[in-house]
Amino acid sequence: MITFYIFIFLPFLFAFLVPFLYKYLNRQVHTGWFVLFVPLSIFIYLVEYIPAVASGATFEYTLSWIPSFGIDITSYMDGLSLLFGLLITGVGSLVIIYSIYYMSKVREALHNFYIYLLMFMGAMLGLVFSDHLLVLYGFWELTSVSSFLLIAYWYERKGSRQGALKALLITVLGGFGMLAGFIMLIMMGDTFSIREIIANMDAIQGHALFIPALLCILLGAFTKSAQFPFGIWLPDAMEAPTPVSSYLHSATMVKAGIYLVARMTPIFGGSAVWFWLVAGIGLVTLLYGSLTALRQTDLKALLAYSTISQLGLIMSLLGIGSLAVYFGPGETGTVFTVATFAAVFHLFNHSTFKGSLFMVVGIIDHETGRRDIRYLGGLMQVMPITFTIALIGGFSMAGLPPFNGFLSKEMFFAAVNDVSHAGIFGLNKIGMLFPIIAWVASIFTFVYCMIFIFKTFGGAYRPERLTREVHEAPLGMLISPIILGLLVILIFFFPNVLGEYILIPALTAILPGMPISGHDVKISAWHGLNTELIMTIGVVVIGLLLFRTARRWIQVMRNYPQGLTLNHFYNQGLSGMEKRSASLTDRYMTGSLRHYLIYIFSFFVLLLMSSLLLLHGIQIDFSNNAAISIYEVGLVIAMIIAAFTVLLASNRILAIVSLSVLGYMVSMFFVIFRAPDLALTQMVVETVTTVLFLLCFYHLPKMTKKIERIPFKLTNLVISVAVGLTVTLLALSANGHKLFEPITSFFENAYELAGAKNIVNAILVDFRGFDTMLEISVLTIAGLGVYILVHQRVKRRGQREIK
Amino acid sequence: METLIVILVGILISIGTYLILSRQLLRIVLGSSIISHAVNLLIITSGGLKTGSPPLLGEKVASFTDAIPQALILTAIVINFAVTALVLVLCYRSYQNFGTDDMEQLRGNEHE
């Protein structure tokens, strides 16, 4: 068990070493080589689990964290989390190899880069292996934070900072929604564990919070997975270094939303709202992403929109697959189980081909200094290996054989065809939209894949447009995309090996109630001439036509008005909010201390007076009053006179002396009220305070009263009288009520308990000794403050010192 | 007796509040001192006045005055002293640096 946790937390632990490795060894060895050890070892460790998980076993480990709140780090490994774990560490290893050649060890702050990357890796692993909802949420937000840090890695660029902020705002907003959803889920299921919630479904279905929880959780999933209309952060996140884009923003982090939807399918699947939102938004995102990708001229932006579009595809497959929960075991259920299987399959495929494509773009950027397709062209001759990888990745994404994208695309077409005649949830009316939208979006996908490949590598090579001399990338940079490209082809020829060992266990985790046999979800490249194949042929034919004529219509698309884009609305909304909140804040945060005090006092009076009146708390009882002697009345009158003298004095000495008179009279009251300790302390402190006042007043200006106008004084008068009245009423009512017995009798045993005869002393130094110690530290801090303020170097007047 | 002291406290707090709301730094410090005196009196009053002998054991008496308010006030006196000292020196320093003790001239609302 402990080995498991060590492996899961290895990224965090190793991150502590990175600064030292960077400082002492980076000159000799690129820090990335050390970091590579982390994902590689976890990957190997996880691979050992594959046979067991494939045979249906699940693993559960519990590490007690905050037992008093029932928060344990319960780790749970089933097929789904294992699939993600393998993706995170596998793609992670390849990305780190790639980054070793991509990130210059001389120019870049590599320690920052790798610490953020390890932090992300650890968070992502924690996310997928966590069974506890709140722990999952914590890791979820940590991935957002590390993504923020990685996008802003080149923080001196404005675009990076803005992109990072946008990503953080949108994903954390979704994260809060998800937290709310989780809390509702916890309330419904009365447990923190996802599996216990799934096991106790009866309590949740039909609960009033079912739909709100569903909506909130989907908000989190959709923002993270860049679904329409939240996807706008992903293109801006492309400001990150390319290894990051290929790792976080295509292979892993953006799939966290997919993971969440898959994880929640046993809970929410089968409801119409879930189906329509997941499948519907997924389809809309698919179409929106593929259409917008066509307009892009920046290669990374094109890939970003294509990622959005592909995530939409996976999401819609999960939505369609959730119908399996509705139908349950049986023939119809099995049809939709296959859709879920296609989702998992495409998720894996997308990580392979999109990862390699991002790396290709990184190579192009690195070697030519350009990412804009208007400047590129003809790179086929100079970069043959890169071109081959791009061809494999691009054709796979377009859905062509013999690449893995073809297989999952065919299954996607089969799923949308099946759902169009499922006949429930109103599908009989508009079900036909599913295949139509999917088909149209696939044509656009095909076209942008062709644009990606042939506008960059085809055509005439024009070196004069590029800033540097172009040659093939170094071998180290090519290793990772080559491995991914090989996987793309291998999966096409041996899909069922992957299916049996990794995908079916994941499927079992998503749809626990469904009996799944290898026969139902057998992947094969040739089904005969069926609808799906005809659709694919249609995609290719129309796509080629469109690509040939691209020059004519693509400019029209690029002229799409900026004012109507989602980005524009986001920017307007953000700056509008900033302006409005700034003007609102400026209205009351005037910078005047007096205004702030007025707010405080007004609220004090209003709150206490209204609650006193509303709760009928005013109850004055004179019966318990102690007797008054003439001497005491005299003291009271003297005090009032002294206080008014302080108020009205126009002479500093007079005010200070009156204040000390007041203080000494307070100590006399302490004598009368049987408090000898207080009287002594008050006497000493009052003396010291007076001396301090006299020392300071020498340096302070004379009292002036002319500066205050009548309305100013009147406001002060009203507020001060109101405050005094409130306090008086409150104190009288407090004396009138006796809600509890006093607890003093406990302290009257001071001699037995603390060996002290002075009860007050015993309370201070024994019963509440800690408080007194902290009080002494407050004194120390104040003393230090006084010392520093007195000894601070005096600067010339007019020179602002505090900024 | 309690009612009398409570009224005294109310008057003192009014005067203190008035002083705190004024524009001169020194008057603000004076005001906060007056309020702290008033609060100390208020706390001791809340425990009931003159209900027994001083809270010292060893003398053969029937009852003691409530010791808890006294312990609280003892802490309050010392903390008040620290606060007053710090604020006084702060006034001194800000007058040295800015050349004024008028709160309206000292106000600032600088944005980043």
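Placing a pseudo-label 7 Å from each Cα along the Cα-to-Cβ vector at A:LYS702 and A:ILE385 gives an inter-label distance of 8.9 nm. Positive contributions from Lys and Arg (+1) and negative ones from Asp and Glu (-1), summed over other residues with Cβ under 13 Å from the Cβ of A:ALA731, come out at -2.
If you keep only loop residues by DSSP, which trypsin sites (Lys or Arg not before Pro) in the range A:79-187 have at most 12 other Cβ atoms within 10 Å of their Cβ?
Answer in residue order: A:ARG107, A:ARG157.
May I ask for the Rg/Rh ratio of chain A, computed from Cα atoms with Rh as the Kirkwood radius, given to two decimals?
1.13
Sparse packing (at most 10 other Cβ atoms within 10 Å of the Cβ) combined with a DSSP loop state is found for the following trypsin sites (Lys or Arg not before Pro) in the range B:46-112: B:LYS60. Cross-link pairs exceeding 27 Å between alpha carbons, from the set A:LYS23/A:LYS300; A:LYS224/A:LYS409; A:LYS409/A:LYS455: A:LYS23/A:LYS300. Please work out whether chain B counts as rounded, prolate or oblate from its C-alpha gyration tensor, where a ≥ b ≥ c are the square roots of the eigenvalues and a/c under 1.5 means rounded, while otherwise a/b larger than b/c means prolate and anything else oblate? Prolate. For the range A:606-715, what does the alpha-carbon gyration tensor say about shape, rounded, prolate or oblate, given a ≥ b ≥ c as the root eigenvalues, a/c under 1.5 as rounded, and a/b over b/c as prolate? Oblate, since a/c reaches 1.5 and b/c is not below a/b. Helix A:769-791 and the long axis of chain A differ in direction by around 90°, with both axes built from C-alpha atoms. Counting only heavy atoms of the protein chains and using a 1.4 Å probe, A:HIS568 has close to 60 Å² of accessible surface.
Counts of other chain beta carbons within 10 angstrom of each beta carbon in peptide A:398-408 average 0. Atom-type composition of the exposed protein surface of the protein assembly as shown places 68 percent of the accessible area on carbon and sulfur (1.4 angstrom probe).
For chain A, excluding the exposed loop sites themselves (GluC sites (Glu not before Pro), DSSP loop, at most 14 other Cβ atoms within 10 Å), the longest remaining stretch covers A:470-800.
Rolling a 1.4 angstrom probe over the protein heavy atoms with all chains in place gives chain A an accessible area of 44 Å² per residue. Rounded to 0.05, the FRET efficiency of the A:ARG580 and A:LEU606 pair, given R0 = 25 Å and the Cβ-Cβ distance, is 0.40.
Listed values for the range A:574-580 are Karplus-derived 3J(HN,Hα) couplings in whole Hz (6.51 cos²θ - 1.76 cosθ + 1.60, θ = phi - 60°), namely 5, 5, x, 5, 4, 5, 5, and x replaces Gly and Pro. Only lysines eight or more places from A:LYS757 in sequence, or on another chain, were considered; those with a Cα closer than 18 Å are B:LYS60. Helix A:676-697 and the longest principal axis of the C-alpha atoms of chain A enclose an angle of approximately 80°. The angle between the Cα long axis of helix A:31-47 and the longest principal axis of the Cα atoms of chain A comes to about 70 degrees, rounded to the nearest 10.
If you take the square roots of the eigenvalues of the alpha-carbon gyration tensor of the range A:272-547 and sort them as a ≥ b ≥ c, do you get rounded (a/c under 1.5), prolate (a/b over b/c) or oblate? Taking the square roots of the gyration eigenvalues as a ≥ b ≥ c, the range A:272-547 is prolate.
The accessible-area loss of the range A:622-642 on complex formation, taken against its chain alone with a 1.4 Å probe, reaches 50 Å² or more at A:ASN625, A:ALA626, A:VAL636.
Do any residues of the range A:687-703 lose at least 50 Å² of accessible area when the full set of protein chains is present rather than just their chain alone, and if so which, with a 1.4 Å probe? Buried on complex formation: A:LEU692, A:PHE693, A:CYS696, A:HIS699, A:LEU700, A:PRO701, A:MET703. For chymotrypsin sites (Phe, Trp or Tyr not before Pro), the sites in the range A:465-541 that DSSP calls loop and that have at most 13 other Cβ atoms within 10 Å are A:TRP526. How big is the B-A contact in terms of buried accessible area, both chains counted, 1.4 Å probe, rounded to the nearest 100 Å²? In total, chains B and A hide about 8800 Å² from solvent. When the helices of chain B are scored as -39500 (n - 2.57) per DSSP H run of n ≥ 4 and the total is divided over every residue, the value at 222 nm lands at -23500 deg cm²/dmol. Largest to smallest in accessible area, the residues A:MET535, B:MET1 fall in the order A:MET535, B:MET1 (1.4 Å probe, all protein chains included).
The values are calculated or read from the model by the stated rules, or taken from the named source; none is laboratory data. All values reported here derive from a predicted model rather than from experimental measurement. Quick reminder, even Gly has a Cβ in these numbers, built from the backbone with ideal geometry, and neighbours come from all protein chains shown. Only protein heavy atoms, including side chains, enter the accessible area calculation; ligands, DNA and RNA are left aside. Shrake-Rupley method; radii C 1.70, N 1.55, O 1.52, S 1.80 Å.
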